[in-house]
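The values are calculated or read from the model by the stated rules, or taken from the named source; none is laboratory data. All of these numbers come straight from a predicted model, not from anything done at the bench. Don't worry about glycine lacking a Cβ; one is built from the backbone with ideal geometry, like all the others, and counts go over all protein chains shown. The protein model used for the area step is the full one, side chains on, heavy atoms only, and it has no ligands, DNA or RNA in it. Shrake-Rupley method; radii C 1.70, N 1.55, O 1.52, S 1.80 Å.
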Amino acid sequence: MSHVIVGYDGTSDSERALRWAAEEARLRRLPLTVCHVWRWPYPISHIDYEGEAIVRRMGEHLLDQGLALARELAPGVDVRKRLEKGNVHAALMHRGRDADLIVIGSHAPDEMPVGSAALRVPARADRPVVVVRSAATRNGLVVVGVDGSAGADAALALGFEEVALRGWRLRAVYGCWEPGAAPGGDLSLFGDEDKLRHVCGAVLERAVAPWLVKYPRVQATTSLVLKSPREALFEAAEDATLTVVGARGTGVVERLSLGATSDALLKHAPCTVAITPNPAG
C-alpha cells in the first residue's frame, strides 16, 4: 500500500522533515509512516544486553514523540510507526520500497556530512526523495531542472504534482551553457548563440508542454539560461521553496551515484531539494 515515509530522530532537522511529510500525506490522502532507526553505538564484540535494551527503549520513546507530533500536524491521517535497528539509509530504503515519497531532514547548506542519509538515500532509492532543508514556504515556488532527458521528465512529473497539490507556482529551468547539456551533444551550437537559444528553447517547451495539458490550472513558466545547469539552478533556488531534479549518475556505478548537479544541490542549495530516481534504473 502506498504511503509517505519520514525519518525521525528527535532533532530539529527531522522535525522539519516530519512537518513536510505530514503535509504530503494529508494532501495525497496517504498513510504516513514515521520511522526511527536506532543503533548500538559500540563494536559488535561489546555485548551488553541490558545496555542495548536501554538504547532501544530510548529509540521507542523518540519514535512515540514523533508519532504524537505527526498526529497533531495531520489529524485524520493514518499515522504508523516503524522502529528499526541499523543504518538509517538502509532502513529508509527498505521500508520506503512501496512509498510514494521518502522524506528526510538535512543540515544547513555546507554542513552535510559526506556519509549522511540525506546524500546516500537519494543516490540509491528507487522512489522520489525529499530532503527538507527549511520549514519556510517562502513564496511557494517550485523550480524544476529540465534538459530534455527522461530523468528531467520524472522531475517535471513530481514538480507539477507538488504544485497542483499545494497551489504553488512552477518554474522549469534549463541551463544549457555546458557541452553535456546540448541536445544530441551538438557542440556546434555554442558557436551560434541565437541557434543555441532556438534549439534548446524548443527542447524546454516540448518537455513542459505535456504537463501543462495534464495540469491546466497550474501556473508555470519556463526559463532558458545561458549558464551551466548547476549555476542556473542555484540561481533559481534562491527564490524557491522546493527544487526538483532527476538523479543522473554517470559511469559504471550510475545506479549508485548522483549526477554532479544533483549532488551539488543536495549539499549547497538554500531550499528543500527533491531527487527523482533515474527511470531507466
For the chain, take the longest principal axis of its alpha carbons; what is the angle in degrees between that and the long axis of helix 49-73, to the nearest 10 within 0 to 90?
50
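Pulled fully out, how much extra length does the chain show between Gln65 and Glu178, if you take 0.36 nm times their separation in residues and subtract their Cα-Cα distance?
Values: separation 113, 0.36 × 113 = 40.68 nm, distance 4.75 nm.
Gain in length upon complete extension: 35.9 nm.
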What order do Thr222, Thr33 take when sorted by accessible area (1.4 Å probe), most exposed first?
Thr222, Thr33
Using a basic spin-label model with each label point 7 Å from the Cα along Cα→Cβ, how many nm lie between Arg80 and Arg29?
1.9
With 0.36 nm assigned to each residue of separation and the Cα-Cα distance removed, Arg166 to Lys214 gains 15.7 nm
For a quick protection proxy, order the peptides 212-220, 93-101 by their average other-Cβ count within 10 Å, most packed first.
93-101, 212-220
Neighbour count of at most 15 Cβ within 10 Å plus DSSP loop: longest GluC sites (Glu not before Pro)-free window in the chain
112-237
Pair Tyr49, Ala150: separation of 7 Å Cα→Cβ label points (nm):
5.1
GNM on the chain, C-alpha springs below 10 Å: top fluctuator among Arg171, Arg82, Arg248?
Arg82
Going by Cβ distance under 4.7 Å, what cysteines of the chain have no possible disulfide partner?
Cys35, Cys271
Taking only Cα atoms and a 10 Å spring cutoff, compute GNM fluctuations for the chain and point out the largest among Val163, Val132, Val244.
Val163
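On full extension of the chain, what length is gained from Arg56 through Glu238, given 0.36 nm per residue of separation minus the C-alpha to C-alpha distance? Walk me through the numbers before you get to the answer.
On the way: separation 182, 0.36 × 182 = 65.52 nm, distance 4.06 nm.
Here the answer is 61.5 nm.
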Roughly how tilted is helix 12-28, in degrees to the nearest 10 and between 0 and 90, from the longest Cα axis of the chain?
70
By how many degrees, between 0 and 90 and to the nearest 10, does the Cα long axis of helix 150-166 differ from the longest principal axis of the chain?
70
Need the list of lysines near Lys227 for cross-linking: C-alpha distance under 16 angstrom, and skip anything on the same chain fewer than eight residues off.
Lys195
GNM on the chain, C-alpha springs below 10 Å: top fluctuator among Ala164, Ala17, Ala53?
Ala53
